[in-house]
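The values are calculated or read from the model by the stated rules, or taken from the named source; none is laboratory data. Here the structure is a predicted model, which means the values were calculated and not measured. All Cβ positions, glycine included, derive from the backbone under ideal geometry; neighbour counts span all protein chains shown.
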Amino acid sequence: MPRTLEGHLVDAGGRYAVIGARFNAFVVEKLVEGAIDALRRHGVDTDERVDVVWVPGAWEISLIAQKLAKSGRYAAIIACGAVIRGSTAHFDFVAGEAARGVAAASAETGVPVIFGVITTDTIEQAIERSGTKAGNKGYDAGLAALEMVDLLRRLDADQGA
Ligand code: INI
C-alpha cells in the first residue's frame, strides 16, 4: 500500500477570508453564504474566524487575493465570483484574470487561495451552481479550503516543519 497523505474535512485552525466579487451580486451572495456555511458546518466559529471582503467584480479579485494572502493572517482564502458570458463581451478577459490572479496569489505566498468563481454561458447556469440544482460552488470552495488547510498542516508535520 502506498503511503497516502490527504487533508480531511475538519477544522484545522486559523482564520479564513472570503472574497466576494459584487458583480452579479444575487449569485455571488449565495456563493459567499455557501462558503461560510461549509466552514461553519465543519466547526469553524465563523463570527470569530472569518472575514468577508467585497470587491467590485471578478477582475479585482487578483489584487485583493494577493494582499490578503501576503498579510499572513489567513490559513486560506476563498474567492467567490460569477462571470457570465451572456452579459459580457469581455468574459474571457475577466474570467482569465480572476483565474490567473488566484493561481498566482496562491503560488507566490503558499497560502491556499480557492477558486470559487463560476464561469457560465447563462444566468440560468449561474443560478443552478449557486444553491439550486447543481449544488453550491461556494460551499464546495469552502470544503476545498478546509481540506487544503488540513493537508498543509499534515505535510508540515510530516516534514517536521
Ligand atoms: N465582473 C464579474 O465579476 N462578472 C462578470 O460577468 C462581469 N462582466 O460581465 O463584465 C464583470 N465585469 C466587471 C469587472 O470584473 C470589473 O469589476 C470592471 O471591469 C472594473 O474593473
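Somewhere in segment 40-55, is a residue within 15 Å of the chain's Cα centre (by Cα), within 14 Å of V117 (Cβ to Cβ) and within 11 Å of the ligand (Cβ to nearest atom)? Scanning segment 40-55, I find at least one residue that is within 15 Å of the chain's Cα centre (by Cα), within 14 Å of V117 (Cβ to Cβ) and within 11 Å of the ligand (Cβ to nearest atom), so the answer is yes. Looking across segment 76-100 at every residue that is over 12 Å from the mean Cα position of the chain (by Cα) and away from the ligand (no atom under 11 Å from the Cβ), the one that is surrounded by the most Cβ atoms within 10 Å (Cβ to Cβ) is identified as G96.
The one condition from (1) surrounded by fewer than 16 Cβ atoms within 10 Å (Cβ to Cβ); (2) of a type in the set (S, T, N, Q); (3) farther than 15 Å from P112 by Cα that N24 does not meet is (1). Of the residues that make up segment 17-29, is at least one within 11 Å of the ligand (Cβ to nearest atom), modelled with pLDDT of 95 or more, among the hydrophobic types (A, V, I, L, M, F, W, C) and closer than 15 Å to D140 by Cβ? Yes, the conditions are met somewhere in segment 17-29. Scanning segment 128-157 for residues that are touching a helix residue (DSSP H, G or I) at 6+ places or on another chain (Cβ under 7 Å), modelled with pLDDT under 95 and crowded, with 16+ Cβ neighbours inside 10 Å gives R129, S130, G131.
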